[in-house]
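The values are calculated or read from the model by the stated rules, or taken from the named source; none is laboratory data. All figures in this text were calculated on a predicted structure; none of them were measured in a lab. So basically every Cβ, Gly included, is an ideal-geometry build from the backbone, and we count neighbours across all protein chains shown. Just the protein is used for accessible areas: all its heavy atoms, side chains included, with ligands, DNA and RNA removed. Shrake-Rupley method; radii C 1.70, N 1.55, O 1.52, S 1.80 Å.
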Amino acid sequence: MNTNELEAYAYERIVLFDGVCKLCNAWVRFLLKFDTRKRFKLCSVQSEQGQSLLYALDMPTDRYETMVLLDRGRVWTQSDAFLKVVGQLPMPWPLLKVLYVVPGVVRNGLYDRIASNRYRWFGRQEACRVPDGTEKDHFVKGGW
């Protein structure tokens, strides 16, 4: 990880998501609705800022197989990222942390299966989601 490029986000919680994936955009809508404390900033991996973050994390910038959570300097992916996010939302969503009892290899296997089929099962948008005026403060500047 290139720490110099990530210093600006050392105290942030950023969810990187695939901006053209319909399932991922449903996740974004879910976060916009339930992250009432605005703990998380959102950033499309296709945006210039998303590409910079992926590059700094030494992650692929041309294929997107996992959601990424940057949480105050730590990096989470796959089911761990999902569970870390829901664990910080208002009740009842933290109850989903019970899924930690399922071994990571099983959780991530299921996550990978869904991720690799997400376009086929849920579809794809022509362009990345652009936040409206009321949503912009939920996004990393330039993250759409």
Review point. When the helices in the chain are scored as -39500 (n - 2.57) per DSSP H run of 4 or longer and the sum is shared across all residues, what 222 nm value do you end up with, to the nearest 500 deg cm²/dmol?
Key: -11500 deg cm²/dmol
Practice item. Between Val98 and Glu48, with labels modelled 7 Å along Cα→Cβ, what's the label distance in nm to one decimal, could you check? Key: 4.6 nm
Point to revise | Relative contact order of the chain, defined on C-alpha pairs under 8 angstrom at six or more residues apart (%) | key: 35 percent
**Study point:** Free-standing Cys, the chain [no other Cys Cβ under 4.7 Å]
**Key:** Cys43, Cys128
Review point. Between the range 11-27 and the range 84-144, how many Å separate their Cα centres?
Key: 6 Å
Practice item. Report, for the chain, the % of DSSP beta bridges that are antiparallel, rounded to 5. Key: 65 percent
Revision key, fill the gap. Among Gly73, Gln51, Gly133, the residue whose Cα sits farthest towards the positive end of the charge dipole of the chain (+1 at Cβ of Lys and Arg, -1 at Cβ of Asp and Glu, taken about the Cα centre) is Gly133
Check your understanding: Within the range 68-84, whose backbone N sits under 19 Å from a point 7 Å along Cα→Cβ of Val106?
Key -> 78-84
Point to revise | Length gained when the stretch Ile114-Lys84 is fully extended (0.36 nm per residue, less Cα-Cα span) | key: 9.0 nm
Check your understanding: In a GNM of the chain with a 10 Å cut-off on Cα contacts, which of Asn117, Asn108, Asn25 has the highest mean-square fluctuation?
Key -> Asn117
Practice item. When a/c is below 1.5 the answer is rounded, else prolate if a/b is larger than b/c, else oblate, so apply that to the range 96-144 with a ≥ b ≥ c taken from the square roots of the Cα gyration tensor eigenvalues. Key: oblate
Exercise for review: For the range 53-126, give the percent of accessible area contributed by carbon and sulfur heavy atoms, probe 1.4 Å, rounded to a whole number.
Suggested key: 58 percent
Exercise for review: May I ask you to order 90-99, 13-22 by the average number of other C-beta atoms within 10 Å around their residues, highest value first?
Suggested key: 13-22, 90-99
